[in-house]
Structure formats: C-alpha cells, structure tokens
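The values are calculated or read from the model by the stated rules, or taken from the named source; none is laboratory data. Keep in mind it's a predicted model, so treat the numbers as computed, not measured. Cβ placement follows ideal geometry from the backbone for every residue including glycine, while neighbour counts extend to all protein chains displayed.
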Amino acid sequence: MKSQYNFETLCVHAGQEPDPTTTSRGLPIHRTSSYVFKSTDHAANLFALKEPGNIYTRLMNPTQDVLEKRMAALEQGAAALALASGTAAVYYAVINVCAQGDEIVSANNLYGGTYTMFDAILPQFGIKTRFVSAHDPKNFEAAINARTRALFIETIGNPALDFTDIKAIAAVAHKHHLPLIVDGTFTTPFLLKTINFGADIVVNSVTKWIGGHGTGIGGVVIDAGRFDWQDTKFTLFNEPDTSYHGLRYAHDLGELNPLAYIMRMRLVPLRNMGACIAPDNAWLFLQGLETLHLRMARHCENALEVARYLKEHSQTAWVRYPGLPDDPAYPLSCQYLKNGFGGMVVFGIKGGLNAGKRFIESLNLFSHLANVGDAKSLALHPSSTSHSQLSVEQQEESGLTPDLIRLSVGIEHIDDIINDLENAFASVWE
Ligand SMILES: *Cc1c(COP(=O)(O)O)cnc(C)c1O
C-alpha cells in the first residue's frame with residue numbers, strides 16, 4: 001500500500017490486495033490452524049526464519065496479517081502484532097522488555113485492568129512497577145533507576161480523562177535510553193499518531209473504537225521500529241535465547257534488526273504463551289477500521305455536545321471533557337489533538353453514589369455495561385464496577401470519586417442522546 005495515501009484511504013485499504021487465488025475483493029477469513037509445507041526443506045527454512053511464510057495460526061494468519069499491516073500504516077509504525085485482547089497486548093508489551101528483577105515506571109491513571117496487572121500480577125513474576133502521577137514528566141524521571149526498562153502511559157488517562165504530555169515523557173525516556181510504551185486506545189490513530197510524538201511502542205485495545213461495534217475482543221501492539229535494543233541492559237535482546245536457536249534479537253535478525261521488538265514478541269511471548277487473535281475477530285476489526293474516520297468524527301462531535309449539555313446542567317457537580325475550554329486537560333489536548341477530543345465524557349452527579357446508581361438505572365438508550373468505544377452509547381459507574389478492586393486511596397490517586405459517571409458517547413442522533421440523559425436526570429429527583 002502506497003504510504004502517501006491519506007489516513008481515510010489507509011483505513012479502507014492498507015495491507016489488503018484482492019486475494020490472489022480467488023480474486024475475492026472482500027478479505028477472506030482464513031480459518032485454519034496450519035499451513036501445508038511445500039517440502040521438508042521449505043518447512044526447515046520456515047522454522048529457522050530463513051524464509052518468510054506461514055506455519056501455524058498461533059504464530060501468524062493471513063487475515064491477522066492484514067490487520068497488523070493496516071494498524072502499522074495507520075499509526076505510522078514499522079510493524080505490528082495482533083493479539084487476543086488489549087490486556088494481552090499490554091502484558092506482552094511489558095514482558096517483552098522486562099525479565100525478573102526489572103522494573104517499569106508507569107502513570108497511575110490507568111485503565112483498571114492494567115493497573116491491577118502492574119500492581120498485583122506482574123510482581124508475582126518479579127517485575128515491579130513504580131507508579132507516578134502523570135501530571136509532571138519530572139515524576140517519571142525521579143522514579144527511574146538502573147533496573148528500569150520502560151516507561152508506560154495512556155494518551156487520555158482513565159477514568160478522569162487527563163491528557164498526558166507524551167512528548168515531554170518521551171524526552172525523559174530517551175534521555176535514559178528507555179522505550180516509551182503508550183496505550184493509545186482512547187485516542188486511536190485518527191485522533192493521535194503517538195509515534196510522531198515520541199512513542200516507541202503503541203498498544204491499542206481494538207475492542208474499543210477501532211472495532212467500534214462491541215462485537216469482539218482484541219489488541220494490537222505497534223512498533224515504531226526505531227529504538228536501539230543493542231544496549232546490553234536489555235538482556236532479553238542481547239543474550240542468546242536458549243529457547244530459539246540462541247538468537248540474539250538485537251543482533252541476529254539482519255535487515256530486520258530494527259524490528260527486533262515486534263519480532264521477539266511473536267517468537268517468544270506469542271509463540272510460547274499463546275494469546276493469539278482469532279481470524280474471525282481480526283476480520284471484524286478490519287471491517288470496523290474501514291469506517292474509523294467516520295465514526296470517530298461523530299463520536300467526538302456528539303461527546304462535545306454532551307459535555308456542553310452536562311456543564312450547564314443543575315444536577316451535575318462537575319464535568320471533565322478534554323475539549324471543554326475550561327477543562328484542565330484542554331491546553332495540552334489542543335496541542336496534540338487536531339481531529340476532536342474523543343468519545344468519553346465523565347461527570348459527577350449531585351447526590352453522589354445513590355443518585356449515580358439511580359441515574360444509570362434510569363437510562364434507556366445508553367447501555368449500562370463495562371465497555372467503551374461502541375457505536376452505541378454506554379454508561380458506567382466505575383467506582384462500584386471496573387475500578388472496585390482498587391482501594392479508596394488508589395481510587396482517589398487516580399482521580400476516581402464515588403460520584404463519577406463515565407459516558408462513552410455513541411454515534412446515534414445527538415437529540416436522542418441528550419433526551420435520554422435528560423430523562424434519567426429527571427427520574428433521579430422524582
Ligand atoms: C479496554 C482497555 C484495555 C484492555 O483491553 P481488552 O481488549 O478489554 O483486553 C486496555 N487499555 C485501555 C485504555 C482500555 O480501554
């Protein structure tokens with residue numbers, strides 16, 4: 001695919017040619033576990049990485065390959081790997097750089113599941129996370145030590161929708177020769193191409209706006225392909241891998257050395273731990289991607305309207321939306337986001353927890369569920385659901401108050417969305 005095509009065109013075409021065997025214009029779903037070897041020599045060459053080709057669907061699949069190429073093109077990265085979930089993508093992104101005894105420095109305003117992974121699960125494997133407030137890049141610098149192997153942030157933080165200064169944090173990472181891993185789920189490459197602002201690795205839960213229809217779970221990791229992994233502190237890339245022909249990923253891949261990170265992720269975590277994406281789901285996400293630019297524009301337009309409406313409403317205590325001019329996130333968001341401010345709005349309802357519960361139960365058009373980024377409007381009360389594993393102190397640190405209601409604004413007609421909110425407010429105070 002010619003890289004000079006514009007984003008909208010890449011959404012529809014990148015990574016796909018009509019199928020050479022059948023001339024099918026639509027993308028075939030390759031539902032197969034394995035691929036026939038042409039000869040014993042061919043098989044041996046594939047296993048030894050001497051020639052490219054398909055072996056087994058845990059490692060690669062032609063439908064998945066199109067999703068990886070399209071996501072790499074949209075994020076302006078060098079290559080990508082699609083995985084079974086956004087969670088698996090975050091997990092592999094970290095364990096692909098960190099061995100036992102290593103550390104990462106992470107923003108503390110994370111997606112609830114990611115916070116729990118870093119806080120409670122990775123320590124079981126000897127990988128420690130130092131959490132910092134992302135509001136000041138200096139906090140990251142202060143937490144870096146000789147064991148640090150990566151910095152981790154989200155573009156728009158959960159759940160308070162703070163915007164993170166990616167360029168400044170990338171500068172800190174690179175000063176210490178560390179990769180910056182950015183979870184760009186809330187912005188998608190339509191709003192923000194994080195690699196252009198210094199991210200080395202981008203993670204997306206494609207379950208959300210990328211797929212856009214709430215029909216499947218998946219994740220993609222995109223490698224900018226420009227981090228130098230030959231620094232010996234990255235032992236996983238410099239010491240011979242006894243599980244794979246003694247390969248040293250930062251040295252022995254020839255022309256593919258710049259892709260050491262994403263190649264290793266396929267050859268080690270994916271091959272041996274197995275969170276592969278189903279070909280059917282890869283297809284669903286590609287179907288979604290074709291309209292990403294149309295949907296995101298509408299999500300942003302509707303969310304801005306909802307934020308303005310809530311701001312004026314007498315029953316709201318506060319509203320956060322990065323696109324409101326008096327929002328704390330507004331100055332930074334304006335520097336980074338040129339196509340809109342995202343589909344998420346959060347607000348505090350007067351009357352706190354109980355009013356919040358009644359409000360959520362009174363919504364009709366909005367679905368009460370734990371997802372974001374669907375074409376349909378969604379609502380959630382995080383402190384009793386997605387973030388309930390966090391202690392009260394942890395909730396407060398990450399900006400989560402008991403009155404907080406999170407809206408993922410869909411692409412329905414704006415009048416119907418506002419009417420639904422209006423009716424729910426009315427029934428809280430009946
Ligand atoms: C949903 C989400 C994840 C996890 O992705 P799954 O596909 O649900 O596993 C990670 N990060 C962010 C920001 C998310 O919104």
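Condition test on residue 274, is it away from the ligand (no atom under 16 Å from the Cβ) and surrounded by fewer than 18 Cβ atoms within 10 Å (Cβ to Cβ)? Step through it out loud before you land on a result.
On the way: away from the ligand (no atom under 16 Å from the Cβ): no; surrounded by fewer than 18 Cβ atoms within 10 Å (Cβ to Cβ): yes.
Taking the combined requirement at face value, the residue does not satisfy it.
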Query raised in the report: Looking at residue 259, is it closer than 30 Å to residue 55 by Cα and surrounded by fewer than 21 Cβ atoms within 10 Å (Cβ to Cβ)?
Result: yes
**Report entry** Unique match (being more than 16 Å from the ligand (Cβ to nearest atom), under 24 Å from residue 340 (Cα atoms) and either out of contact with any Phe, Trp or Tyr (no Cβ under 9 Å at 6 or more places or on another chain) or of a type in the set (Lys, Arg) (or both)) among 128, 193, 138, 175
**Finding:** 193
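Output the residues belonging to region 1-43 that are more than 30 Å from residue 291 (Cβ to Cβ) and either in contact with a Lys or Arg (Cβ under 8 Å, 6 or more places away or on another chain) or assigned to a loop (DSSP other than H, G, I, E, B) (or both).
33, 35, 36, 37, 38, 39
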Requested in this report: Spot the failing condition for residue 369; the list is (1) over 23 Å from residue 218 (Cβ atoms); (2) surrounded by fewer than 17 Cβ atoms within 10 Å (Cβ to Cβ); (3) within 16 Å of the ligand (Cβ to nearest atom), and only one is missed.
Outcome: (1)
Query raised in the report: Do we find a residue being touching a helix residue (DSSP H, G or I) at 6+ places or on another chain (Cβ under 9 Å), assigned to a strand (DSSP E or B) and among the β-branched types (Val, Ile, Thr) anywhere in region 287-306?
Result: no
Report summary line: Over region 217-236, the set of residues farther than 24 Å from residue 76 by Cβ, assigned to a loop (DSSP other than H, G, I, E, B) and either in contact with an Asp or Glu (Cβ under 8 Å, 6 or more places away or on another chain) or of a type in the set (S, T, N, Q) (or both) is 232
Query raised in the report: Would it be correct to say that residue 144 is surrounded by 22 or more Cβ atoms within 10 Å (Cβ to Cβ), in contact (Cβ under 8 Å) with a residue 24 or more places away in the chain and within 30 Å of residue 331 (Cα to Cα)?
Result: no
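Those residues that are assigned to a loop (DSSP other than H, G, I, E, B) and within 13 Å of the ligand (Cβ to nearest atom), I need them from region 196-211; list them, please. Quick ask: steps written out before the conclusion?
Within region 196-211, the first condition is being assigned to a loop (DSSP other than H, G, I, E, B), and the residues that meet it are 198-200, 206-211.
Answer for region 196-211, where residues must be assigned to a loop (DSSP other than H, G, I, E, B) and within 13 Å of the ligand (Cβ to nearest atom): 206, 207, 208, 209, 210, 211.
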Query raised in the report: Which residue pairs have Cβ atoms closer than 6 Å, lie 6 or more positions apart in sequence or on different chains, and pair a first residue in region 86-101 that is farther than 15 Å from residue 123 by Cα with a second residue that is within 16 Å of the ligand (Cβ to nearest atom) and at pLDDT below 95?
Result: 87/113
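Yes/no per residue for (1) of a type outside the set (Lys, Arg); (2) within 17 Å of the chain's Cα centre (by Cα):
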| position | (1), (2) |
| --- | --- |
| 147 | no, no |
| 164 | yes, yes |
| 177 | yes, no |
| 221 | yes, yes |
Requested in this report: Assess whether residue 309 counts as being closer than 30 Å to residue 231 by Cβ and either in a helix (DSSP H, G or I) or assigned by TED's automatic domain parsing to the domain that holds residue 415 (or both).
Outcome: no
Requested in this report: Check whether at least one residue in region 50-60 is among the aromatic types (Phe, Trp, Tyr) and either surrounded by 15 or more Cβ atoms within 10 Å (Cβ to Cβ) or over 29 Å from residue 264 (Cβ atoms) (or both), and report yes or no.
Outcome: no
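Please determine, by comparing only the residues of region 178-190 that are part of a loop (DSSP other than H, G, I, E, B) and away from the ligand (no atom under 13 Å from the Cβ), which one is farthest from residue 10 (Cα to Cα).
Looking at the filtered set, the residue picked out is 178.
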Query raised in the report: What number goes with the only condition from (1) free of Cβ contacts under 8 Å to residues at least 24 places away in the same chain; (2) assigned to a loop (DSSP other than H, G, I, E, B); (3) within 19 Å of residue 116 (Cα to Cα) that residue 372 does not pass?
Result: (1)
Requested in this report: Please specify each residue of region 115-150 satisfying the condition of being touching a strand residue (DSSP E or B) at 6+ places or on another chain (Cβ under 7 Å) and in a helix (DSSP H, G or I).
Outcome: 118, 119, 122, 139, 140, 143
Report summary line: Per the list (1) in a helix (DSSP H, G or I); (2) in contact (Cβ under 8 Å) with a residue 24 or more places away in the chain, residue check on residue 77 breaks on (1)
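Kindly evaluate residue 35 against the criterion of being more than 28 Å from residue 214 (Cβ to Cβ) and either modelled with pLDDT of 95 or more or surrounded by 20 or more Cβ atoms within 10 Å (Cβ to Cβ) (or both). Talk me through it step by step, then tell me what you get.
Working: more than 28 Å from residue 214 (Cβ to Cβ): yes; either modelled with pLDDT of 95 or more or surrounded by 20 or more Cβ atoms within 10 Å (Cβ to Cβ) (or both): yes.
Yes.
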Query - residue 160 vs. criteria part of a loop (DSSP other than H, G, I, E, B), within 16 Å of the ligand (Cβ to nearest atom), surrounded by fewer than 20 Cβ atoms within 10 Å (Cβ to Cβ) and of a type in the set (A, V, I, L, M, F, W, C) - result: yes
Requested in this report: Select from region 95-114 the residues that are assigned to a loop (DSSP other than H, G, I, E, B) and within 16 Å of the ligand (Cβ to nearest atom) and write down the one among them that is farthest from the chain's Cα centre (by Cα).
Outcome: 108
